[in-house]
1. Could you identify the single residue in Leu39, Leu32, Leu65 that is outside the structural domain of Gly118 (by TED's automatic domain parsing), within 24 Å of the chain's Cα centre (by Cα) and among the hydrophobic types (A, V, I, L, M, F, W, C)?
2. May I ask you to list the residues in the stretch 63-80 that are touching a Gly at 6+ places or on another chain (Cβ under 9 Å) and either at pLDDT 90 or above or among the aliphatic types (A, V, I, L, M) (or both)?
3. Scanning the stretch 261-313 for residues that are small (Gly, Ala, Ser) and modelled with pLDDT under 90, which turns out farthest from Val239 (Cα to Cα)?
4. When residues of the stretch 15-24 are filtered for being surrounded by 15 or more Cβ atoms within 10 Å (Cβ to Cβ) and within 26 Å of the chain's Cα centre (by Cα), how many remain?
5. Limited to the stretch 152-204, what total is found for residues that are under 30 Å from Ile288 (Cβ atoms), surrounded by fewer than 18 Cβ atoms within 10 Å (Cβ to Cβ) and among the acidic types (Asp, Glu)?
6. Take the residues in the stretch 205-239 that are under 18 Å from the mean Cα position of the chain (by Cα) and under 23 Å from Asn149 (Cα atoms), then tell me which one is modelled with the lowest pLDDT.
7. Cβ contacts < 7 Å: first residue farther than 21 Å from Gln132 by Cα, restricted to the stretch 97-116; second residue outside any helix (DSSP H, G or I) and of a type in the set (Asp, Glu), any location; separation 6+ or different chain. Result?
Amino acid sequence: MDLRQLRYLSALARERHFARAAESCHVSQPTLSARIRQLEDELGVAIVRRGQRYEGLTPEGERVLAWARRIISDCDALIQEASAQVAELTGTLSIGVIPSALPVVPLITRTFRARYPGVFVQALSISSIEIQRRLDDYSIDGGITYLDNEPLHHVRRLPLYREGYVLFTPADGPLGERAAVTWTEAAEMPLCLLTPEMQNRRIIDEIFQGIGATPTPEIETNSMITLYAHVRSGHWSSVMPQAMVDVFGVPEGLSALPLVEPDLRHDIGLVISDRDPPTPMARALLSICESEHLRDGLGAARLDRQGLSGNPQ
């Protein structure tokens, strides 16, 4: 058994296609297939369910895959750790980020790159469920996600800021001149919201249910940018995190009004695997997020509770 066999297996599970997996590993398809068969022979179990095409892994193969991913991650971490002893940290930092937290990510990545210029940073917009899954299979180094709304497993967590909510609505609409808006009033507006599998949407739905309101969104999307674009069209309103105001501002003709009754906030923070010791990338990311400089920046990014308007003065 060698590390290449484990990398080939991991690639196959990721790509779910022999040819694509071989291409991603820069080997021929027969080479990849043969090395995985060698791994099966050495372990004495069938790993891949084979037919005319890739059909997935056997139950035994899923267990082997979990170990393979852990071994690959440990090996990569060892290489990073050894390299960092004689030179600056290099490699790729991969961060999973819930869509509502994307506006604050540049504060983290900018600070990280300033301290670790040899590291390439990859920030992925994914759901909270996907962040947990990718931490479990070691395909990301950390995640920026909700800390207090749904269970998190096998992670270390660091609170970063509290997410509040505003209603983006046309400035010339029935609520546009208000200083604040209740959730009950927001439920009566023509809304565009995130899709139900997104945790931000589940939080919003729980708030509406808690006050006995049943909004009927006219538009659903899994993209914050798409939400923002629909609101800018001037027809729809949307419940968005406060951070959207700080990064994109309030377009002319719109208002961003704090949502009250109830005035709820949720903790957003960094999560990394609870493995000990943490990987060098995860440890570096944690050190950046713990820095006072970053916390000052996150504090400045919070929207005050006064209504904001995009109307020209």
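1. Working: Leu39 fails: within 24 Å of the chain's Cα centre (by Cα); Leu32 fails: within 24 Å of the chain's Cα centre (by Cα).
So the residue among Leu39, Leu32, Leu65 that is outside the structural domain of Gly118 (by TED's automatic domain parsing), within 24 Å of the chain's Cα centre (by Cα) and among the hydrophobic types (A, V, I, L, M, F, W, C) is Leu65.
2. Restricting attention to the stretch 63-80, the residues satisfying the condition of being touching a Gly at 6+ places or on another chain (Cβ under 9 Å) are 76, 79-80.
The one that is touching a Gly at 6+ places or on another chain (Cβ under 9 Å) and either at pLDDT 90 or above or among the aliphatic types (A, V, I, L, M) (or both): Ile79.
3. If we filter the stretch 261-313 for residues that are small (Gly, Ala, Ser), which is where we start, we get 269, 273, 282, 284, 287, 291, 297, 299-301, 307, 309-310.
This time we only want the ones that are modelled with pLDDT under 90, so: 291, 297, 299-301, 307, 309-310.
Details: Ser291: 31, Gly297: 24, Gly299: 21, Ala300: 21, Ala301: 18, Gly307: 14, Ser309: 15, Gly310: 16 Å.
So, considering only residues that are small (Gly, Ala, Ser) and modelled with pLDDT under 90, the one farthest from Val239 (Cα to Cα) is Ser291.
4. The first filter runs over the stretch 15-24 and keeps only residues surrounded by 15 or more Cβ atoms within 10 Å (Cβ to Cβ), leaving 15, 17-18, 20-24.
Narrowing the set further to residues that are within 26 Å of the chain's Cα centre (by Cα) leaves 15, 17, 20-21, 24.
Count: 5.
5. The total comes to 1.
6. So in the stretch 205-239, the residues under 18 Å from the mean Cα position of the chain (by Cα) come out as 221-227.
From the residues that got through so far, the ones that are under 23 Å from Asn149 (Cα atoms) too are 221-224, 227.
Values: Thr221: 92, Asn222: 86, Ser223: 85, Met224: 81, Leu227: 86.
Selected residue: Met224.
7. Once the first residue is farther than 21 Å from Gln132 by Cα and sits in the stretch 97-116, its partners that are outside any helix (DSSP H, G or I) and of a type in the set (Asp, Glu) give Tyr116/Glu88.
Okay, residues lined up against (1) among the charged types (D, E, K, R); (2) surrounded by 17 or more Cβ atoms within 10 Å (Cβ to Cβ); (3) modelled with pLDDT of 90 or more:
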{"residue": "Ser83", "(1), (2), (3)": "no, no, no"}
{"residue": "Gly91", "(1), (2), (3)": "no, yes, no"}
{"residue": "Gly96", "(1), (2), (3)": "no, yes, yes"}
{"residue": "Val105", "(1), (2), (3)": "no, yes, yes"}
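The values are calculated or read from the model by the stated rules, or taken from the named source; none is laboratory data. As the structure is a computational prediction, the values presented were derived from the model and not from experiment. Reconstructed Cβ throughout: ideal geometry from the backbone, glycine too, with neighbour counts over all protein chains shown.
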